[in-house]
Amino acid sequence: MAKTTISTFRRVLNWIGLAVVLTLLGISLIGFLAWRAESKYAQSAAPYLEETLPTIVQWDAATIWALYSPEVREFISREDHNNIVHSLARLGGLESLGRPRFLRVATSATARTGSMTIVSYEVPAKFENGEATIFVNLKDEDGEFSIYGFNVNSMALLQ
């Protein structure tokens with residue numbers, strides 16, 4: 001009976017060891033894939049964002065509208081867009097813009113839009129009337145980017 005208990009205990013330990021190894025491999029794979037995605041877009045999306053974001057935060061509605069992807073222009077009315085940009089303009093002029101921080105990349109497919117890759121970034125910024133965090137979603141179309149959406153979080157907008 002003692003041999004059976006030891007043998008069972010060893011089997012359980014083997015299964016636990018296997019589960020730990022597989023878990024570590026899974027975490028490593030996820031980390032590698034995230035690093036690979038960030039590295040890929042560091043050479044293309046981040047420079048686009050660094051070039052485009054100063055234009056966006058000038059709060060010119062027509063200029064921002066031209067940067068949107070076609071899907072965004074179909075989704076939001078020009079009037080709503082203008083009202084949103086007018087509200088964001090309360091932040092005032094840009095004083096400084098931090099470096100974009102990669103958040104994630106997501107690929108989806110729908111019957112209406114087809115396959116789409118969205119790259120998300122977070123950018124800290126300082127404006128005349130307060131600090132803000134800008135979250136930007138870029139649509140990747142074979143290495144060409146357009147704005148798929150953005151939002152601005154700032155306490156200055158509550159005043």
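Here, each number is a calculation from the coordinates, and none is a lab measurement. No experiment lies behind these values; they were computed from the predicted model shown. Here the Cβ is made from the backbone with ideal geometry for all residues, glycine too, and neighbour counts use every protein chain on show.
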* To do: Take the eigenvalues of the Cα gyration tensor for the stretch 83-159, scale each by 5, and report the square roots as semi-axes in whole Å, largest first.
  => 28, 14, 10
* **Inter-probe distance in nm under a simple model that places probes 7 Å from Cα toward Cβ, at GLU95 and VAL21** => 5.7 nm
* To do: Would you mind counting up the charge near ILE118? Only other residues with Cβ under 10 Å from its Cβ, with Lys and Arg at +1 and Asp and Glu at -1.
  => +1
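Net charge around LEU94, counting only other residues with Cβ within less than 9 Å of its Cβ (Lys, Arg = +1; Asp, Glu = -1)? Could you put the intermediate results ahead of the total?
Details: positive: LYS126; negative: GLU95, GLU128.
For residues surrounding LEU94, the net value is -1.
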* **Simple label model, 7 Å out from Cα along Cβ direction - ILE118 to THR4, nm** => 5.8 nm
